[in-house]
Amino acid sequence: MKETDLAPKLEMIQALHRQAKEGKTFKYLAPRLASFQRGLQRHRRTTVSLPAITETGQAILEQLVSNLKNDQLTELSDTQLELLLTQLANEDPAVRFGEATLLFNGALANDLLTKDQLRHAMNTLKKWEILFDHIEEPINKGAVRRVSAVTGLASLLYADRAGYFFVTKADLSDLIDRVALGMLWEHDNRGTLTG
């Protein structure tokens, strides 16, 4: 889904969010959201391509996991972080959970990421093409990317509250609006916001 297709929908959610904050829509918020949800278009299924991993990438992940488990991982380079963020949506659960998610959460737990890297991770995972990947289509593998994005974002929000303090009020408001739109649109129970 293109950002130009999603932007007007997000603007409608933002308007409802503002009205709710101002106390103007409390009584009518649920019917307005239901009406909005009924208007979200569905499209025919298209091919979903999830990230694969190269032999080199696999070797890097395996070495990083080994270093993490042996308390020898002291930092992640930007390139290594990018590899993790990409592989969070790998179709192979061993790569997705056993390596990428483990490393991502381990990096957060062990204070291995800089604030710039944390911001980059958040901005990457909330991108339209990741957070809403094929959401307008029937059940498909795009749910893997959507759920990995929401899981990663949840970890980042937890890390922020636990002491990183890199999420601004504007970031949080934007994320709330995107998650609300995803909740209304998601229809795959494996997907980001309902599974």
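The values are calculated or read from the model by the stated rules, or taken from the named source; none is laboratory data. Quantities reported herein were computed from a predicted structural model and do not represent experimental measurements. Cβ placement follows ideal geometry from the backbone for every residue including glycine, while neighbour counts extend to all protein chains displayed. Each accessible area value is taken on the protein alone, full model and side chains, heavy atoms only, with ligands, DNA and RNA left out. Shrake-Rupley method; radii C 1.70, N 1.55, O 1.52, S 1.80 Å.
Details
- Mean residue ellipticity, 222 nm, helices only, the chain: the sum of -39500 (n - 2.57) across DSSP H runs of n ≥ 4, divided by residue count and rounded to 500, is -18000 deg cm²/dmol.
- Once the Cα atoms are used to define both axes, helix 142-159 deviates from the longest principal axis of the chain by about 80 degrees.
- Heavy-atom SASA rank of Y164, Y158, Y28 (probe 1.4 Å, accessible area, largest first): Y158, Y28, Y164
- The angle between the Cα long axis of helix 78-87 and the main principal axis of the chain comes to about 60°, on a 0 to 90 degree scale.
- Accessible area of the chain divided out per residue, in Å², using a probe of 1.4 angstrom: 55 Å²
- Angle of helix 115-125 to the longest C-alpha principal axis of the chain, folded into 0 to 90 degrees and rounded to 10: 50°.
- When the chain is treated as a GNM with alpha-carbon contacts under 10 Å, the residue of G23, G152, G57 showing the greatest mean-square fluctuation is G23.
- Solvent-accessible area, 1.4 Å probe, carbon plus sulfur percent, for the chain: 54 percent
- Accessible-area value, H17, 1.4 Å probe, nucleic acids and ligands omitted, Å²: 40 Å²
- Taken as Cα centroids, the stretch 163-190 and the stretch 26-40 sit 18 Å apart, rounded to the nearest whole angstrom.
- Which listed pairs, of K115/K169; K27/K169; K69/K141; K27/K127; K27/K126; K9/K126, have C-alpha distances above 20 Å, in listed order: K27/K169; K69/K141; K27/K127; K27/K126
- For the chain, modelled as a GNM whose springs connect Cα atoms under 10 angstrom apart, the maximal fluctuation among P51, P138, P31 occurs at P31.
- Long-range tail of P(r) for the stretch 1-99 (Cα pairs > 15 Å, %): 74 percent
- Taking the Cα centre of the chain as reference, the dipole from Cβ charges on Lys and Arg (+1) and Asp and Glu (-1) amounts to some 1140 debye.
- Shape class of the stretch 79-154 from the alpha-carbon gyration tensor: oblate, with a/c at 1.5 or above and b/c at least as large as a/b.
- Largest mean-square fluctuation among S35, S173, S148, in a Gaussian network model of the chain whose springs join Cα atoms under 10 Å apart, belongs to S35.
- Low-density loop cleavage sites - trypsin sites (Lys or Arg not before Pro) in the stretch 47-148, where at most 15 other Cβ are within 10 Å (DSSP): K127
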